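> Structure below; questions to follow.
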Amino acid sequence: MTETALLKTPLHALHVELGAKMVPFAGYDMPVQYPAGVKAEHLHTRTRTGLFDVSHMGQVRLTGADAARDLERLVPGDLDGLAIGQMRYSMFTNNEGGILDDLMVCRIEDGLMVVVNAACKDADIAHMRAQLSSEITVLEDRALIALQGPGAEAALSALAPAAATLSFMTGAEMDVDGAACFVTRSGYTGEDGYEISVPADQADALARTLLARNDVEAIGLGARDSLRLEAGLCLYGHDIDETTTPVEAALTWSIGKRRREEGGFPGADVILGQIKNGAPRKRVGILPDGRAPAREGTEIQAPDGTSIGSITSGGFGPSLEAPLAMGYVTTEHAAAGSAVNVVVRGKALPAKIAKMPFVPNGYKR
Amino acid sequence: MSERRYTEDHEWIDLDGEIGTVGITDFAQEQLGEVVFVEVPDVGKVVAQGDETAVVESVKAASELYAPVTGEVVEANTALADTPDLVNSDPEGDAWFYKIKLSDKDEFDALMDADAYKAHTEA
């Protein structure tokens, strides 16, 4: 059997040592779960602290006095309005208003720090290099560790007191146990926590120091997926892609007032038109009435049997203790509380449109 | 004393007279992870060998159980609907899925015995 060589993150040896089940993900050999299992890892993150290796994601620095205005030409988020140290969620759009990738942007003294999805990073970097005038530096020599959960602040501030002073969606450079890191108070689990950009050669030691605390456990991609689903957060390639606009994806909140007035990003005519006149479909949360999970690809029907959309992410929520899903439905069926059916193995099962997040988030604003 | 056989899809079947009891193996539950949903067939359902007969879903994925033999479902373990985690804690005992009245015992005899199944899981 031939295999394409998978890339390894700086924490690969640690994952193997911890007994992780490794799987290919976006070209990397990544831990999907550890011996504790997806459910226990998920609940541990909600109640204590989870440590995630997200080093496969792309970390890029844009340098230049006008980096924020420059990147605004590719995304609809208001980046110029960010104060230094403030961050924002946005997305690269195409000329049809579709989403090429979603990203996190943090303003720094001399530009921007950007984090993009692993599967899209090569295309994103090429896109930025082709379209932008800022200097673009791919931070290949840095790992990215997410520390998430109610105990994250205590765990990280023991090594970096400045971490406690960050509020949700801000970031700063700081020394973490002797390593020069860029730390943001952010994440993708719905919990309070941090993402720590750390020099690759110091990542293993930092991860081990954090894991040595009683309340910190390593968490795999399996639980990362169920955590973000309960938090109502989109997974690129599933809940959002080139065929979905930010308005359809219920991400209109991420487009600031100035950008709505000025436009000037790819697909602005489509996106601003949908903000004004409405979109034909909308991403919604879905709660099946019974116990059967409705997974990606499941058809959603109106009570009369008319097809109104499909599920883009679905499964079982360990904290919710029930099945949950998100998907797209025609706008007339998108109101929370609307009765729909999900067609699981040929059977139309009753479900309801639900507000997201499915579990309350724990952000420290 | 009943006899036990295994399928390539990691089901077990115990034969006692003409009634077979079907479940998934410990190896299968280990691969699936935490089971969160089970659907068992209706009593009276007639199935052919290889038909999708039951469903087991874990936090990770949905899997079908295929009938290891042809026959008629005579009993279903409806307790699993409320306690799907029993599949993880006692897969080869209390977490049986259904009982089936065999049409053709030759189908049972052709399935793997414990040694052959062990070799299959280690392949």
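The values are calculated or read from the model by the stated rules, or taken from the named source; none is laboratory data. Remember, predicted model here, so these are calculated numbers, not experimental data. FYI the Cβ positions are ideal-geometry reconstructions off the backbone, even for glycines, and counts take in every protein chain you see.
> A:VAL75: within 18 Å of A:ARG228 (Cα to Cα), modelled with pLDDT of 95 or more, out of contact with any Asp or Glu (no Cβ under 6 Å at 6 or more places or on another chain) and buried (at least 20 other Cβ atoms within 10 Å of the Cβ), yes or no? Before the answer, list the steps.
Details: within 18 Å of A:ARG228 (Cα to Cα): no; modelled with pLDDT of 95 or more: yes; out of contact with any Asp or Glu (no Cβ under 6 Å at 6 or more places or on another chain): yes; buried (at least 20 other Cβ atoms within 10 Å of the Cβ): yes.
It is false that A:VAL75 is within 18 Å of A:ARG228 (Cα to Cα), modelled with pLDDT of 95 or more, out of contact with any Asp or Glu (no Cβ under 6 Å at 6 or more places or on another chain) and buried (at least 20 other Cβ atoms within 10 Å of the Cβ).
> Please identify the pairs in which a residue from segment B:21-32 that is under 10 Å from B:THR121 (Cβ atoms) has its Cβ atom under 9 Å from the Cβ atom of a residue that is buried (at least 22 other Cβ atoms within 10 Å of the Cβ) and at pLDDT below 95, counting only partners at least 6 apart or on another chain.
B:GLN31/B:SER58
> May I pose another question? Which one of the conditions (1) within 22 Å of A:PHE168 (Cβ to Cβ); (2) of a type outside the set (A, V, I, L, M, F, W, C); (3) touching an Asp or Glu at 6+ places or on another chain (Cβ under 9 Å) does A:GLY58 fail to meet, given that it meets all the rest?
Looking at each condition in turn, A:GLY58 falls short on (1).
> Still on this structure, I have one more. Output the number of residues of segment A:21-57 satisfying the condition of being over 18 Å from the mean Cα position of the chain (by Cα), within 14 Å of another protein chain (Cβ to nearest Cβ) and farther than 9 Å from A:GLY220 by Cα.
Of the residues in segment A:21-57, 7 are over 18 Å from the mean Cα position of the chain (by Cα), within 14 Å of another protein chain (Cβ to nearest Cβ) and farther than 9 Å from A:GLY220 by Cα.
> Here's something else I'd like to know. Under 8 Å between Cβ atoms, at least 6 apart or on separate chains: pull out the pairs that start in segment B:37-48 with a residue that is assigned to a loop (DSSP other than H, G, I, E, B) and end on any residue that is modelled with pLDDT under 95 and surrounded by 13 or more Cβ atoms within 10 Å (Cβ to Cβ).
B:VAL40/B:ALA81
> Report, by residue number, each residue of segment A:317-339 that is outside any loop (DSSP other than H, G, I, E, B) and away from every other protein chain (no Cβ under 14 Å). Can you show your working first?
First, the residues of segment A:317-339 that are outside any loop (DSSP other than H, G, I, E, B): A:317, A:322-333, A:339.
Correct list: A:MET326, A:GLY327, A:TYR328, A:VAL329, A:THR330, A:THR331, A:GLU332, A:HIS333, A:ALA339.
> Which residue out of B:GLU107, B:GLU57 is among the charged types (D, E, K, R), part of a helix (DSSP H, G or I) and either within 11 Å of chain A (Cβ to nearest Cβ) or buried (at least 16 other Cβ atoms within 10 Å of the Cβ) (or both)?
Details: B:GLU57 fails: part of a helix (DSSP H, G or I).
None of the other options fit; the residue is B:GLU107.
> Would you pick out the residues in segment A:204-227 that are more than 14 Å from chain B (Cβ to nearest Cβ) and touching a helix residue (DSSP H, G or I) at 6+ places or on another chain (Cβ under 9 Å)?
We begin by selecting, within segment A:204-227, every residue more than 14 Å from chain B (Cβ to nearest Cβ); these are A:204-218.
If the condition is that a residue be more than 14 Å from chain B (Cβ to nearest Cβ) and touching a helix residue (DSSP H, G or I) at 6+ places or on another chain (Cβ under 9 Å), then A:ASP204, A:ALA207, A:ARG208, A:LEU210, A:LEU211, A:ARG213, A:ASP215, A:VAL216, A:GLU217, A:ALA218 are the ones that fit.
> Being hydroxyl-bearing (Ser, Thr, Tyr), farther than 13 Å from B:LYS101 by Cα and at pLDDT 95 or above is the filter here; which residues of segment B:1-54 pass it? Break it down into steps so the answer makes sense when it comes.
If we filter segment B:1-54 for residues that are hydroxyl-bearing (Ser, Thr, Tyr), which is where we start, we get B:2, B:6-7, B:21, B:25, B:53.
Subset that is farther than 13 Å from B:LYS101 by Cα: B:2, B:6-7, B:25, B:53.
Hits for segment B:1-54 are B:TYR6, B:THR7, B:THR25, B:THR53.
> Related question: Can you find, within segment B:45-54, the residue that is farthest from the other protein chains (Cβ to nearest Cβ) among those that are of a type outside the set (Val, Ile, Thr) and in contact with a Leu (Cβ under 8 Å, 6 or more places away or on another chain)? If you could, list the steps in order and put the result at the bottom.
From segment B:45-54, those of a type outside the set (Val, Ile, Thr) are B:45, B:48-52, B:54; that's our starting set.
From the residues that got through so far, the ones that are in contact with a Leu (Cβ under 8 Å, 6 or more places away or on another chain) too are B:52, B:54.
Numbers: B:GLU52: 8, B:ALA54: 11 Å.
Across segment B:45-54, the extreme among qualifying residues is B:ALA54.
> If you scan segment A:1-44, which residues turn out to be out of contact with any helix residue (DSSP H, G or I) (no Cβ under 6 Å at 6 or more places or on another chain), among the polar types (S, T, N, Q) and in contact (Cβ under 8 Å) with a residue 40 or more places away in the chain?
A:THR9, the sole residue that qualifies.
> Step by step: first the residues of segment B:60-82, then only those that are more than 9 Å from chain A (Cβ to nearest Cβ) and either assigned to a loop (DSSP other than H, G, I, E, B) or polar (S, T, N, Q) (or both), then the one that is surrounded by the fewest Cβ atoms within 10 Å (Cβ to Cβ). Which residue is that?
Of all residues in segment B:60-82, those more than 9 Å from chain A (Cβ to nearest Cβ) come to B:63, B:65-80.
Add one more test, that the residue is either assigned to a loop (DSSP other than H, G, I, E, B) or polar (S, T, N, Q) (or both), and what stays is B:63, B:67-70, B:77-78.
Values: B:SER63: 18, B:ALA67: 26, B:PRO68: 25, B:VAL69: 26, B:THR70: 18, B:ASN77: 21, B:THR78: 11.
So, considering only residues that are more than 9 Å from chain A (Cβ to nearest Cβ) and either assigned to a loop (DSSP other than H, G, I, E, B) or polar (S, T, N, Q) (or both), the one surrounded by the fewest Cβ atoms within 10 Å (Cβ to Cβ) is B:THR78.
> What tally of residues in segment B:8-44 results from selecting those that are away from every other protein chain (no Cβ under 14 Å) and either aliphatic (A, V, I, L, M) or in contact with a strand residue (DSSP E or B) (Cβ under 7 Å, 6 or more places away or on another chain) (or both)? Break it down into steps so the answer makes sense when it comes.
Our first condition is that a residue be away from every other protein chain (no Cβ under 14 Å); within segment B:8-44, this holds for B:8-28, B:43-44.
So of that shortlist, the ones also either aliphatic (A, V, I, L, M) or in contact with a strand residue (DSSP E or B) (Cβ under 7 Å, 6 or more places away or on another chain) (or both) come out as B:9-15, B:18-25, B:28, B:43-44.
The qualifying residues number 18.
> If A:LEU82 meets every condition in (1) closer than 20 Å to A:THR137 by Cβ; (2) assigned to a strand (DSSP E or B); (3) out of contact with any Pro (no Cβ under 7 Å at 6 or more places or on another chain) apart from one, which number is that one?
Checking A:LEU82 against (1) closer than 20 Å to A:THR137 by Cβ; (2) assigned to a strand (DSSP E or B); (3) out of contact with any Pro (no Cβ under 7 Å at 6 or more places or on another chain), the one that fails is (2).
> If you scan segment A:243-268, which residues turn out to be surrounded by fewer than 17 Cβ atoms within 10 Å (Cβ to Cβ) and basic (Lys, Arg)?
Listed by number, the residues that qualify are A:LYS257, A:ARG258, A:ARG260.
> I'm trying to understand the selection: among the residues of segment A:269-316, which are outside any strand (DSSP E or B), surrounded by fewer than 20 Cβ atoms within 10 Å (Cβ to Cβ) and in contact with a strand residue (DSSP E or B) (Cβ under 8 Å, 6 or more places away or on another chain)?
Within segment A:269-316, A:PRO280, A:ASP289, A:GLY290, A:ARG291, A:ARG295, A:GLU296, A:GLY297, A:ALA302, A:PRO303, A:GLY305 meet the criteria.
> Let me ask something additional. Can you name the residue in segment A:132-143 that is closer than 22 Å to A:ALA68 by Cβ and in contact with an Asp or Glu (Cβ under 9 Å, 6 or more places away or on another chain) and, of all such residues, is surrounded by the most Cβ atoms within 10 Å (Cβ to Cβ)? So that I can check it myself, show each step before the final result.
As a first pass, look at segment A:132-143 and keep what is closer than 22 Å to A:ALA68 by Cβ: A:132-139, A:142.
Of the ones still in play, those that are also in contact with an Asp or Glu (Cβ under 9 Å, 6 or more places away or on another chain) are A:132-134.
Details: A:LEU132: 17, A:SER133: 12, A:SER134: 20.
Selected residue: A:SER134.
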